[in-house]
Amino acid sequence: MTEAYSLEEEVKNELKLLQLQLEHSKKERKKRELEREETKIKELSKLKEQLATTTADDLGDSSSTVSAGTASTVGTSTVGQITVKKARKNGPQRIASVISEQPSTGEEEQKQASLNPAELKRQREQEQQQKKEQREVEEKARVEAQKSDPAKEKGGDIKYYVKGKLKGWNETKGFLVARAEGLFFYKSAPQGRGSTAGGITYDPTAKSAMSIQFVVLETNSRGSTVPHRSSCNISLMPGDHPKIDEKTDASVYFSVSFFDPKAKSFQTQLLRCNTKGDRDEWGKFISKFIRVQGLK
């Protein structure tokens, strides 16, 4: 009787122990599941904060598509200030990861980022067409300028500005000669002035105080030759240069943007004529060789 009782108690204890182990296992499993869920929630919350400045439309427009069931990265898209990577896995689209945060690059680039590929392509085509039309207009203007004025050189008194080390921009009086190679600044009219069928010419060996080449050839790291072309602007406005303000008659100024091989960058040279008519004549003649903005 005692042995039977002891056996029964032992079975009950074993059963109770198994039940306790089972409950403990359930609690541990549930705890791990809860921890995983909490981790997911934290990750999603963090992602939501990072994407707070974006809209659902921005994400929809910038998304890319791949075949359902394929897990692959389909590129990156910039929306506002955040760059995100798109991925598709087992059909539904999801954001795989936030790659990096970038500073704002202006309203224009944000607008570009919100466009879908078709709109971007159409916009690029329109820009290319506009550039093509602009080049055709400039080429036509150059041909007409050469027909109306066969002179190969133009010279005249001019004022130009050189930035000083201490006193800002210094006005310098000189004599300017424009020819196909560029602009040449002299302290006075060069010697050897003569007249030919093509108009007045100047001694090409005369030493100039300063010169601007219309085309500068540079060799890049790949060994290719890159041409840097100058451009002229005869429609300057107050604020376009420190010497031009609201009290200044901007109609007598023009500028030439040129590539400086020493500085490895484009620089701007400001010039001042006596009258608006003189400025227009310089712009028309220079248009034979380079692009001139504001030419009518």
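Brief remarks on what is shown
- Counting only residues that are β-branched (V, I, T) and under 15 Å from L295 (Cα atoms), segment 221-264 holds 3 of them.
- Restricting attention to segment 197-233 and to residues that are among the polar types (S, T, N, Q) and surrounded by 11 or more Cβ atoms within 10 Å (Cβ to Cβ), the residue that is modelled with the lowest pLDDT turns out to be T201.
- Qualifying residues in segment 249-286 (those that are assigned to a loop (DSSP other than H, G, I, E, B) and surrounded by fewer than 15 Cβ atoms within 10 Å (Cβ to Cβ)) - the one nearest to the chain's Cα centre (by Cα): K264
The values are calculated or read from the model by the stated rules, or taken from the named source; none is laboratory data. These figures come from a predicted structure and were not determined experimentally. Don't worry about glycine lacking a Cβ; one is built from the backbone with ideal geometry, like all the others, and counts go over all protein chains shown.
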